Each structure stands twice: as structure tokens, then as C-alpha cells.
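Below is one structure; the comments refer to it alone.
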Amino acid sequence: MRKTIGKAMAATTSLALALSMAACGSSSENAEEATKVGGTITIWTWEQPGKAFEAAAKGFEEANPGTTVKVENVGNPAIWDKITTGLAAGGQGLPDIMNVGIDYIGGYMDKFPDAFADLSDYGADDLKDDFPSGVMKSATRDGKIYGLPFEVNTGALVYDVKMFEEAGITEDDISTWDGFIESGKKLKEKTGNYMFGINKACTGNANCGDTWQIITALQNSFYFDTDGNITMNGEAGVKAMELIKEANDAGIIIELPGTSDDSSWQVQQGNVATLVDRSYLPGVLKTKFPDAKNRWKVTALPAVEEGGLRSVANASKNKKTAWEFIKYALGTTEGQKAMYESQGLFPGYLPFIKEDLNTPDEFFNNENVNEVFIKQLEDETPELNFTGDYAKALKAMIDAQVQVLTKGADPQKALDEAAERLANETGRKIA
């Protein structure tokens, strides 16, 4: 599962998110196949997490002679259609393990409730306390565990040290979104640089909805409440859209192209001061821009109010081996270390995070940047209810945001209309 703010939000960014692993299982397998470890297992994922899984696979294969882990880079977003097609076909053609975003797992479980293996049967309950509780809830139904968190992303604000110094901006100045926007105006006036970026017309991908999701989640709200009623046009959602509109009207948002790697694009432009995203960013920056040592610092996201929250398929014939690999890769220090050192994605396994990642980092001015994220994992943030209609809600919100940012629409009216459309499409009530 991928998105998380504090304990809860991830799943997308898309906001994201923590990625969730789900093993598929088959009623046709015999008892011996269900209990032995050996043979070949296949994982569906996409490029960057795929490389991390490959790194963990080496240690797993060495520790379990006779096993082979095949990692297939299906691509994102292509993987979601491919998974859906396989689930609809009763599991035909699906792999042993699927890398599933937290924003998709609810929909899959709602539409295909018998498609995923219950990992509790293999000992997953013994690991549940080693992961943030809010994220584990998203992989759990009726007390049964169907996945383990892969990438657990808390909120992150990465800023360019030199740009802030040139504009006379400090971390205290950006502790709230109001201060963040005012600092952005100061930055633009003094340096001509932009504060952050959004794909305003939302062409190419859905990452354009990330900022709204982050700001809304920081107010303990989201698209739906815990009962599944629509809340996207409530006070928190409207406040988030108003802040984004204010920043856009002030000219401090750079227009992002329709690319799947928004953070890298902004870094390469050299005129964007901050990246508003999640805790995977520091690792990604180190991996992709190794020569930019000491260029950035990391802090928590701005709060909306002063003192407010700042953290935000039964197809496998080899389920036992699939589970053992999931446990090794995501539930051991050895596996997590291999994955983290490969791609820098922020992991979900708390013992590894607290013991191995809680140290100063030379790349970031010898500051312990992960301490920012570890503290957020301990915050009492609510679980965000993505529901099976998350994709429809995201589309409705994005349509509203496009109207606000490109045509000057009123945030409240645009979100009210979006909520009405969502209610008509899904049959859900507006809270």
C-alpha cells in the first residue's frame, strides 16, 4: 500500500502509497504445495519497487536453495488494468505476489473478496505489531491479514537550502500553509523561483491530486468518512482547495508536465524551492542525484492551523514460498536493508526504521532526516477510508481542481458539484 500521512495516509500520491503486498492463492493446490518452500514465484510490480524486490530476492534465494524469485516490471499504471483483468477471470494469469497500492486494495477486496490469500494462515499475525497500525488496517479485513506494508510514506517537505537562504526564508516561516504561501510570494519576488509544482491541467497522470489530498488529510479528513459517506466537499476539503487556489493566484506554483516523475522534473528545472510529498523523497534524491549533496533539507509538512497536524487473487500454486519471500523482504532487517539500499524507498518495518535508519545522513548536511518521519509514524492520525470508489472520487476532485486552477472556479462550488456527481455515480450519501 502506498500513501500515508503519519500512520494513515499513504496510498497515493497519488497522495501514497506505502505499497502493500498481497499474495494470491488457489483452492486447487494440494497440501504439500501449500506447505513447502521451493520452486519459482512471480511478482508483479513496476520499475523502482521492482529493483528493490530484486535486491531482496538475492538474499532470499541464497537462504532458500531451490527457490527463484521472478520480478516482472508490469509498469504503473498498466499494472492496475492487468490485475483487474486477471481477477475478473477468476485469477487466470495472475502472479504469486502483487504490489498493490493502498488506494486500490479496497476496491479489489470489495469486488473480488475471495481472491486474496489469508496470510494469517501463514503467520502474518506475528508481524502485525512491527508495522504502523493504521497502515496494517488497510491490509486487514474481518481480522484476516491479506498483505504487508512495503513502502510506508509519511508526509515530507524537502526544500532547497540555497534558495531559502537567498530569499531569507526559515523553517519557522513555513510551519503553516499560510506561512508557506507567504514565503512563496517572498521567494518569487526576491529570486523569481517557484515554491512548488502542480500539473494544473492534470494531463498524463493523477499526481496532480496529491497536494489537495495531503492538505485535506492534515485536517483529519479525506474523500469519505469512516462510514463511506462523501466528505470531499466538507470544510477540510474546501479549505485545502482554497489554499491551493491562493498559491496559484499568487503565481508561486510552477506548471508540471504530464510526467510520472514530477519530483525529478522539478529538481532538474533548478527554479523550484520545495517538493511537497512523502518520506520516500530523500532516498530517491540520493539515488537519482548523488552529486547534489547538501543541497536539500527535510522538514515536516506545514500545518493548516498553527499547532495542527503535520504528519500525515486465488491463482498461486506456491503460496508458502510466496509468503516466505514477503516475510523475508518486508518483515526482516536483512530484507529491508537490501531493498532500502537499492532504491531508497521508505520502508514499513518498524524495527529496521528505528534501529538502522535513525542516524545522521551525510547527503543532507549530516542531519537525521528520518527522525522527521519516525516521529510522524508515532502520531495518532486517523485511518483514511479509501473505499472501493477511491478512483472515482479522485477523478471527481481532480476535475474540480482543474476548474479552480485553470478557470478560476469557486472551490466550494466546484467541490459541491464534484460530490454530487460522485454520489450519483456510486450511490453514496454526502455527509
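What the table below lists for this structure:
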quantity	calculated
Residues (under 19 Å from residue 276 (Cβ atoms) and either aliphatic (A, V, I, L, M) or open to solvent by 10 Å² or more (accessible area, probe 1.4 Å) (or both)) located in the range 337-366	345
Qualifying positions in the range 108-154 - hydroxyl-bearing (Ser, Thr, Tyr) and outside any helix (DSSP H, G or I)	140, 146, 154
Enumeration of residues in the range 212-233 that are of a type outside the set (A, V, I, L, M, F, W, C), surrounded by fewer than 24 Cβ atoms within 10 Å (Cβ to Cβ) and in contact with a Ser or Thr (Cβ under 9 Å, 6 or more places away or on another chain)	220, 221, 225, 228, 231
Total residues in the range 386-412, condition farther than 12 Å from residue 224 by Cβ and of a type in the set (Asp, Glu)	2
Qualifying residues in the range 181-211 (those that are closer than 17 Å to residue 395 by Cα and of a type in the set (A, V, I, L, M)) - the one surrounded by the fewest Cβ atoms within 10 Å (Cβ to Cβ)	201
Among (1) surrounded by fewer than 24 Cβ atoms within 10 Å (Cβ to Cβ); (2) closer than 20 Å to residue 219 by Cα; (3) hydrophobic (A, V, I, L, M, F, W, C) - the single one residue 384 does not satisfy	(1)
Tally of residues being open to solvent by 10 Å² or more (accessible area, probe 1.4 Å) and within 17 Å of residue 99 (Cα to Cα) across the range 151-179	0
Output for the range 120-138, where each listed residue is surrounded by fewer than 21 Cβ atoms within 10 Å (Cβ to Cβ) and out of contact with any helix residue (DSSP H, G or I) (no Cβ under 6 Å at 6 or more places or on another chain)	120, 121, 123, 125, 126, 129, 133, 137
Candidates 396, 391, 400, filtered to the one that is part of a helix (DSSP H, G or I), open to solvent by 40 Å² or more (accessible area, probe 1.4 Å) and either within 20 Å of residue 425 (Cα to Cα) or of a type in the set (Phe, Trp, Tyr) (or both)	391
Which numbered condition residue 99 fails, given (1) within 23 Å of residue 392 (Cα to Cα); (2) within 23 Å of the chain's Cα centre (by Cα); (3) of a type in the set (S, T, N, Q); (4) surrounded by fewer than 21 Cβ atoms within 10 Å (Cβ to Cβ)	(4)
Leading residue by the ranking (most open to solvent (accessible area, probe 1.4 Å)) among those in the range 290-302 that are in a loop (DSSP other than H, G, I, E, B) and touching a helix residue (DSSP H, G or I) at 6+ places or on another chain (Cβ under 6 Å)	293
Some residue of the range 168-180 being touching a Cys at 6+ places or on another chain (Cβ under 8 Å) and under 17 Å from residue 251 (Cα atoms)	no
Boolean, residue 415 is in contact with a Gly (Cβ under 9 Å, 6 or more places away or on another chain), of a type outside the set (Phe, Trp, Tyr), surrounded by 17 or more Cβ atoms within 10 Å (Cβ to Cβ) and under 18 Å from residue 278 (Cβ atoms)	no
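The values are calculated or read from the model by the stated rules, or taken from the named source; none is laboratory data. Note that this is a predicted model, so its numbers are computed, not measured. Every residue, glycine among them, receives a Cβ derived from its backbone with ideal geometry; neighbour counts consider all protein chains shown. Just the protein is used for accessible areas: all its heavy atoms, side chains included, with ligands, DNA and RNA removed. Shrake-Rupley method; radii C 1.70, N 1.55, O 1.52, S 1.80 Å.
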